[in-house]
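Engineer: Before we start, here is the structure in question, set down as structure tokens.
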Amino acid sequence: MYMKEKVIGIKNILIQVNSFGIKESLFVLDKGFYSKKNICEMTEERIKFVIPLPFTTDISKFLIHKHQKNLSNPLNSFTFGKKLLFYSKDKIDIGGKNS
């Protein structure tokens, strides 16, 4: 399966990173990596990661509603290229893993 291949790729990259003596790393992933299985596996492997939630998920709709004020506050924004992006940080439970 395609998603499983991505997790294997992440594990291989982590092995490479560790072989260079890097003790701490953070993987910044696109939403294509988002799945319960991938997140659980990366959490179990103690891989630190940031991954956006697809807007089609129920949890993303809930979080957008919950953080609506933060998502319009200029203090919670940054520019990427020519775009102004807003963010909010939260923890959610996916498959019994708090991520």
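The values are calculated or read from the model by the stated rules, or taken from the named source; none is laboratory data. The structure displayed is predicted, hence computed values, not measured ones. Note: ideal-geometry Cβ built from the backbone for every residue, glycine included; neighbour counts use all protein chains shown.
Engineer: Given (1) of a type in the set (D, E, K, R); (2) under 11 Å from the mean Cα position of the chain (by Cα); (3) surrounded by 13 or more Cβ atoms within 10 Å (Cβ to Cβ), where does Lys48 come up short, assuming only one miss?
Structural biologist: So Lys48 meets the others, but not (3).
Engineer: While we're looking at this one, here's another question. Restricting attention to segment 51-69, and to residues there that are under 15 Å from Lys91 (Cα atoms) and within 13 Å of the chain's Cα centre (by Cα), which single residue is surrounded by the fewest Cβ atoms within 10 Å (Cβ to Cβ)?
Structural biologist: So, considering only residues that are under 15 Å from Lys91 (Cα atoms) and within 13 Å of the chain's Cα centre (by Cα), the one surrounded by the fewest Cβ atoms within 10 Å (Cβ to Cβ) is Pro52.
Engineer: Between residues in segment 12-24 that are free of Cβ contacts under 8 Å to residues at least 40 places away in the same chain and residues that are part of a loop (DSSP other than H, G, I, E, B), which pairs lie under 8 Å by C-beta distance while being six or more apart or on different chains?
Structural biologist: From segment 12-24, the pairs are Leu14/Ser25; Leu14/Glu45; Leu14/Ile47; Val17/Ser25; Glu24/Lys48.
Engineer: Still on this model: Which one is nearest to Gln16 (Cα to Cα) among residues in segment 51-65 that are in a loop (DSSP other than H, G, I, E, B) and hydrophobic (A, V, I, L, M, F, W, C)?
Structural biologist: Checked segment 51-65; the qualifying residue nearest to Gln16 (Cα to Cα) is Ile51.
Engineer: Can you find, within segment 33-50, the residue that is farthest from Ile94 (Cα to Cα) among those that are outside any loop (DSSP other than H, G, I, E, B) and among the aliphatic types (A, V, I, L, M)?
Structural biologist: Of everything passing the filter in segment 33-50, Val50 is farthest from Ile94 (Cα to Cα).
Engineer: Scanning for something modelled with pLDDT of 90 or more, in contact with a helix residue (DSSP H, G or I) (Cβ under 6 Å, 6 or more places away or on another chain) and either of a type outside the set (Asp, Glu) or surrounded by 10 or more Cβ atoms within 10 Å (Cβ to Cβ) (or both), does segment 72-85 turn up at least one residue?
Structural biologist: Looking for residues that are modelled with pLDDT of 90 or more, in contact with a helix residue (DSSP H, G or I) (Cβ under 6 Å, 6 or more places away or on another chain) and either of a type outside the set (Asp, Glu) or surrounded by 10 or more Cβ atoms within 10 Å (Cβ to Cβ) (or both), one finds at least one in segment 72-85, hence yes.
Engineer: Counting only residues that are among the acidic types (Asp, Glu) and surrounded by 13 or more Cβ atoms within 10 Å (Cβ to Cβ), how many does segment 20-41 have?
Structural biologist: Residues meeting the conditions: 1.
Engineer: Does Lys11 fit the bill of being within 18 Å of the chain's Cα centre (by Cα) and modelled with pLDDT of 85 or more?
Structural biologist: Numbers: within 18 Å of the chain's Cα centre (by Cα): yes; modelled with pLDDT of 85 or more: no.
It is false that Lys11 is within 18 Å of the chain's Cα centre (by Cα) and modelled with pLDDT of 85 or more.
Engineer: Sticking with this structure for a sec: Restrict the check to segment 72-87 and report whether at least one residue is in contact (Cβ under 8 Å) with a residue 40 or more places away in the chain and part of a loop (DSSP other than H, G, I, E, B).
Structural biologist: no
Engineer: Take segment 12-32 and flag every residue that is more than 27 Å from Pro54 (Cα to Cα), among the hydrophobic types (A, V, I, L, M, F, W, C) and not in a loop (DSSP other than H, G, I, E, B).
Structural biologist: Within segment 12-32, Ile15, Val17 meet the criteria.
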